[in-house]
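Please find one structure pasted underneath; my questions will follow.
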Amino acid sequence: MQNTQKITKAVIPCGGLGTRFLPITKAVPKEILPVIDTPVLGHIVNEARLSGITDVLIILGPGKDAIRNYFTDNAALLERLESCGKSAEAEVLRAVTRGINFSFAVQEQPLGSGHAVLYAEKFAAGEPFALAWGDDLICCEGDPVMGQLIGAYQKRGGVILGVQYLDGDDIVKYGVADVIGEVKRGANAAYKCRGIVEKPPLDKAPSRLCSFGRYILTPGVFDAIRATAKASNGEIQLTDALNAMCETTDVYAFDFVGRRYDMGDKFGSVRAVIEYALKSSEYGDRVRDYLKELVKDFG
């Protein structure tokens, strides 16, 4: 067992413009578009809470005050619900923020994923922390994904990159881990990383392990980001900083258990809504019957 620090902090960057969801994202940040009755970001915060996280920093883009409002208690609304006899509804609202201390920062310009993470340096205060992108929803019926990565960190130390084995040509859309040793298909395996290849051509993919929006980062990431040159588009990318860290720090690709939904993609969003509805104990059976009839009608 490594001599590692307890991880109680998580950082969630939410700076993207959400252009694929226009026009709704003109007014509503994509991170709080609903999956049934809970926004995407609400599910990610719940994952953090279940993983033992007590402090969350959400990094906002300009015009995303709705996210701050969602994760800030509204005393007037709670009082009104209680006075109307809607105590159950008030309790639903209290659960949104229960057990988590929220902080917020604003990334004024979209200068890349690495630049966004720099806003977390003061919050991290020299401690390792979990990082989750605000549009990557990962469902796991057992251990939450952040918790799985925290467990991998406590066992090995270093930087932990959350990955999954991916078949098919979609691998060209993601960062792919270049790892030491033979990759065996199956979850909970960890591989030492030589680097991460961003969106490789199909015949150049170094493995089938794709990076899917969850990390455990150590404080050294901030110096690595500052030393990272801007890409051709003027942005500072976290992947470039992690590649530099692979030369001096233990970086592991950890194959986690979970079902990922890309909530920045319309089809990913539709999948999430349907599958979360099917799992509902309240109305899942009705949804299943409805879908069976719908397939007949449109078949």
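A short reminder: the numbers here are calculations on the coordinates, not readings from a lab. No experiment lies behind these values; they were computed from the predicted model shown. Counting neighbours? That spans all protein chains shown, and the Cβs are built from the backbone with ideal geometry, glycine included.
Kirkwood Rh and Cα-based Rg: tell me the resulting Rg over Rh for the chain, rounded to two decimals. It would help to have the intermediate numbers written out before the result.
Values: Rg = 19.9 Å, Rh = 20.4 Å.
Computed over Cα atoms, the ratio is 0.98.
Separate question: Which of Ala120, Ala227, Ala205 moves most in a GNM of the chain, Cα contacts under 10 Å?
Of Ala120, Ala227, Ala205, the Gaussian network model singles out Ala227 as fluctuating most.
Which of the GluC sites (Glu not before Pro) found in the stretch 90-141 are in a DSSP loop and have at most 14 neighbouring Cβ atoms, other than their own, within 10 Å?
Numbers: sites: Glu91, Glu108, Glu121, Glu141; in loops: Glu108, Glu141.
Counting only loop positions with at most 14 other Cβ atoms within 10 Å, the GluC sites (Glu not before Pro) in the stretch 90-141 are Glu108, Glu141.
Quickly estimate the mean residue ellipticity at 222 nm for the chain, helices only: each DSSP H run with n ≥ 4 gives -39500 (n - 2.57), and the total goes over all residues, rounded to 500.
Details: 11 runs with 102 residues, N = 299.
Helix contribution divided over all residues of the chain: -9500 deg cm²/dmol.
Going by how many other beta carbons lie within 10 Å of each one, how would you line up Val163, Val35, Val176, fewest first?
Values: Val163 29, Val35 20, Val176 25.
Listed from fewest to most nearby Cβ atoms, that is Val35, Val176, Val163.
For Tyr174, list long-range residues whose amide hydrogen, built 1.01 Å from N in the peptide plane, is under 5 Å from its own amide hydrogen.
Lys199
Here is a further query. In nm², what is the average projected area of the convex hull enclosing the Cα atoms of the stretch 111-167? Mind showing how you got there, number by number?
Details: hull surface 22.5 nm².
That works out to 5.6 nm².
Something else now. Of the candidates Lys184, Lys230, Lys30, which one comes out as most mobile in a Gaussian network treatment of the chain with C-alpha springs shorter than 10 Å?
Fluctuation is largest for Lys184.
Once R0 is set to 22 Å, what does the formula 1/(1 + (r/R0)^6) return for the Cβ-Cβ distance between Glu89 and Tyr283, expressed as a FRET efficiency to the nearest 0.05? Before the final figure, lay out the partial values.
Values: r = 18 Å, r/R0 = 0.83.
The calculated FRET efficiency here is 0.75.
May I pose another question? GNM on the chain, C-alpha springs below 10 Å: top fluctuator among Phe254, Phe21, Phe212?
Looking only at Phe254, Phe21, Phe212, the biggest GNM fluctuation is shown by Phe21.
Further question: Along the stretch 134-139, what does the Karplus equation 6.51 cos²θ - 1.76 cosθ + 1.60 (θ = phi - 60°) give for ³J(HN,Hα), rounded to whole Hz, x for Gly and Pro?
The phi angles translate into x, 10, 10, 9, 10, 9 Hz.
I've got another one for you. Which of the lysines could a cross-linker bridge to Lys6, judged by Cα under 16 Å and excluding same-chain residues fewer than eight apart?
Lys155
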